[in-house]
Amino acid sequence: MNDRASVREPATPCKGTHAMMNAGYDRQNLLAQGHAALHAGNVTAARSQFAAIRAMQPDNPDALHGLACVALAAGRADLAIGLAGRALQVAPRGPFHEVLARALLAQGHPQAACAAIRLACQRQPGHVPTYLACAEIMEATGAVQEAARAFAQAARLAGCGNVPVRRLHAGFLWRRGRRAAAIAQMRHVMNLAPRDAVMAHELAEMLLAHDDRAGAETVLRMIVAHHPADARACALLGALVFARGRMGDAAGLLRRAVARMPEAESCNNLGLALMALGDMAGADAALCAALRLAPDDARIALNHATGLFEGGAVRAACARYEAMLGREPGPDGDTLARTRFNLGVGLLARGDLARGWALWESRLAFMPPHPATTCLPQWDGRALPAGRRLLMHMGQGLGDGVHFLRYVPLAACRVPVVLRVPAVMGRLAATLDQAGDHGIEIITHDEYDGLDIAAQCDLFSLPFLLRMHAVPAFAPYLGEGRWQPPEEGRAGPLRIGLCHAGNAAYRFDARRSASVADMAPLGDVAGVTFISLRPADAQAGSLPFMRHELPPDADLLDTARLIASLDLVISVDTLVAHLAGAMGCPVWLLSRFGGDWRWSAAFDVQAPGCAVAGRAGVPGRVPSPAHAPASQWYPTLRQFRQARLAPPARAWGAVVARLCAALRFACSPS
């Protein structure tokens, strides 16, 4: 035996087998890279990878499927159908029906698409993405019940902790109008992924659309807590707290949003918040930034012009309003009406009552309508049929109401009037002068059966309807006995009613109202007893030297009775100033710079006693201050105006100093 011949050499791999192994590895690698590129949105790279596989194996079903996905992503559903169909010919049981179904749907073959996706579900009964695709396609073709079943099956397969499936299901429920169920689903998603900002934003937007502002605020606060740099969340949350009147919080959030993502809407909202806080310079800067970002946005232009008006630049504001009204194309209907109204306010502030009252009527286009407007015609200012009456109603604040009540007796000279007022004003309105040719009936409800009403109008439309192009001659028109000067020689300290702050819900209250610290120097004035004229529910944090004589349940007649016992009323621009003025009581008005149109210099008069210091002027124990102009609206009212625009914290110092000096003069021996 030949020993060498019996020794077996080690086996050498066949070259063909090795090449086949390498080719298989390359195909899998190329396939993975192609799908990764497709997932990333890089269609060109994905096509290259799948084409490389076909170059090695032209009928490779996975490559054909990949190229079908590429074609669909590129908008060539026709090519996708052919490629997916070829893949299924090569591998009939392959997972290629989903892309075929999507391509058929895109190409306008809904029934074929539904058949293909049903077959995909049969071939892959445990594959969650296939059931999600089935739900999507069924919903798109109107098979809503089948879509719901597909979502349910996907949820069962995925388990209760699968965030993407629950998120998609929530979206489906939302689109089908099942909002509460969708929100509950998204809340579950947030419990699973509490720090996911994308999910949280979706939930917040659902809650906002569902008008659950408190819920949306909670979610947005969670986002901001976990993601302080999320500008979108800061912007949305800032807008929400702005709407709730929390201007300080709103400004802080909106500043953060603008610093990271300076969008026009955020800049606009920041400008409005700063305007409400009295930071007029900051408001102007923010609104100018908003205009640079959105120069054609009429809403922002309107807000910027309003800022100019509030800052005292009335003529400049009116010029902006005029320019907006001359634009082609013009703003949307709501913005157009608001611009016309604001121009009307500006013209009133300049003393142009004829044009101002006409444009003032534009408020009726954007203010909530009174219920009577749906069943009664608008009064045109003319006489009514015999025995029929006019319904008047009021839709603005109580101070405005008291101011405009002066026109009701003038209207009653033409027609019988039924005046609808809030309950708190009912007894006071009943003291209106009844000297007109027709009666005035006061009601505090919205039931008009049996009242013989033929027409209706807003109380604040009376100057326009009555063609009042000048301030009507004044006579005290409210109060049981009107204000009378105290008896000559009455001893004791001056009784002065004080109202240093108005309703905090008013948009510009930060500039209108004075703080307790601002008014503290009044406590050092001797010879005065200060009586609070603020409602009982507003007494918290009031001045320590104030007496409180109003009953807790006081209405406006109770307030009028108290005013009748006073020597003087000192008030910021709020209801109390109007009520005291309407009674003929002396009023010292603390007026903000660029304030309400009624207190503009266009309505100043040189009252007796204003030219020189002394005790002439309004009858009584309090002299008219020489530096304080009187008003055409209320001849017994004198204005202590802020001399310049300043932030609220610094705006009242000089005014209160003049006020204290005037009070000391009033209390000095004659």
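For the condition assigned to a helix (DSSP H, G or I), under 30 Å from LEU119 (Cα atoms) and of a type outside the set (Ser, Thr, Tyr), ALA200 does not qualify.
Being under 23 Å from ALA148 (Cα atoms) and either small (Gly, Ala, Ser) or not in a helix (DSSP H, G or I) (or both) is true of ALA184. Tally up the residues in the range 507-526 that are of a type in the set (Ser, Thr, Tyr) and buried (at least 18 other Cβ atoms within 10 Å of the Cβ), please. Of the residues in that region, 1 qualify.
Applying the criterion of at least 1 residues that are in contact with a Ser or Thr (Cβ under 8 Å, 6 or more places away or on another chain) to the helices (runs of 4 or more DSSP H) found wholly in the range 31-107 leaves 97-106. Scanning the range 637-659 for residues that are surrounded by fewer than 14 Cβ atoms within 10 Å (Cβ to Cβ) and over 25 Å from ASP284 (Cα atoms) yields one hit, ALA657.
Can you find a residue that is among the aliphatic types (A, V, I, L, M), under 30 Å from ASN503 (Cβ atoms) and either in the same structural domain as ASN503 (by TED's automatic domain parsing) or crowded, with 19+ Cβ neighbours inside 10 Å (or both) anywhere in the range 193-204? Within the range 193-204, not a single residue is among the aliphatic types (A, V, I, L, M), under 30 Å from ASN503 (Cβ atoms) and either in the same structural domain as ASN503 (by TED's automatic domain parsing) or crowded, with 19+ Cβ neighbours inside 10 Å (or both). Just so you know, in the range 154-168 the residues that are farther than 16 Å from ALA193 by Cα and without any contact (Cβ under 8 Å) to a residue 24 or more places away in the chain include one that is surrounded by the fewest Cβ atoms within 10 Å (Cβ to Cβ), and it is ARG156. Scanning the range 256-279 for residues that are among the charged types (D, E, K, R) and more than 24 Å from ARG512 (Cβ to Cβ) yields ARG256, ARG260, GLU263, GLU265. Residues that are surrounded by fewer than 20 Cβ atoms within 10 Å (Cβ to Cβ), within 18 Å of the chain's Cα centre (by Cα) and small (Gly, Ala, Ser) were ranked within the range 213-248; the one that is farthest from LEU274 (Cα to Cα) is GLY215.
Residue by residue, here is whether (1) under 28 Å from ARG76 (Cα atoms); (2) over 43 Å from the mean Cα position of the chain (by Cα) holds:
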residue: LEU105; (1), (2): yes, no
residue: ALA113; (1), (2): yes, yes
residue: LEU119; (1), (2): yes, yes
residue: GLY126; (1), (2): no, yes
residue: ALA140; (1), (2): yes, no
residue: ALA143; (1), (2): yes, no
residue: ARG149; (1), (2): no, no
residue: CYS160; (1), (2): no, no
residue: HIS169; (1), (2): no, no
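Put simply, of LEU173, LEU207, LEU192 the only residue that is under 25 Å from the mean Cα position of the chain (by Cα) and free of Cβ contacts under 8 Å to residues at least 40 places away in the same chain is LEU207.
Exactly one residue out of GLY311, GLY278 is modelled with pLDDT under 95, surrounded by 18 or more Cβ atoms within 10 Å (Cβ to Cβ) and under 26 Å from CYS234 (Cβ atoms), and it is GLY278.
Filter the range 334-363 down to the residues that are assigned to a helix (DSSP H, G or I) and either modelled with pLDDT under 95 or acidic (Asp, Glu) (or both), then identify the one that is surrounded by the most Cβ atoms within 10 Å (Cβ to Cβ).
Filtering first and then ranking leaves GLU361.
Scanning the range 494-535 for residues that are touching a Cys at 6+ places or on another chain (Cβ under 8 Å) and either farther than 21 Å from LEU556 by Cα or not in a loop (DSSP other than H, G, I, E, B) (or both) returns LEU494, PRO521, LEU522, ASP524, VAL525, ALA526, GLY527, VAL528, SER532. Considering (1) of a type in the set (Gly, Ala, Ser); (2) in contact with a His (Cβ under 6 Å, 6 or more places away or on another chain); (3) surrounded by fewer than 24 Cβ atoms within 10 Å (Cβ to Cβ), the lone condition that ALA112 does not fulfil carries the number (2). Looking across the range 417-473, the residues that are in a loop (DSSP other than H, G, I, E, B) and either out of contact with any helix residue (DSSP H, G or I) (no Cβ under 9 Å at 6 or more places or on another chain) or polar (S, T, N, Q) (or both) come down to THR431, GLN434, THR444, GLU447, ASP449, GLY450, LEU451, ASP452, ALA473. Looking only at residues in the range 388-421 that are over 22 Å from LEU557 (Cα atoms) and touching an Asp or Glu at 6+ places or on another chain (Cβ under 6 Å), the one that is surrounded by the most Cβ atoms within 10 Å (Cβ to Cβ) is ARG389. Looking across ALA285, ALA251, one residue alone is within 22 Å of ALA651 (Cα to Cα), free of Cβ contacts under 8 Å to residues at least 40 places away in the same chain, within 14 Å of the chain's Cα centre (by Cα) and part of a helix (DSSP H, G or I). It is ALA251. Taken over the range 435-491, the criterion of being closer than 19 Å to VAL417 by Cα and of a type in the set (S, T, N, Q) is satisfied by THR444, GLN456, SER461.
The values are calculated or read from the model by the stated rules, or taken from the named source; none is laboratory data. Remember, predicted model here, so these are calculated numbers, not experimental data. In this analysis, Cβ positions are derived from the backbone assuming ideal geometry, glycine residues included, and neighbour counts consider all displayed protein chains.
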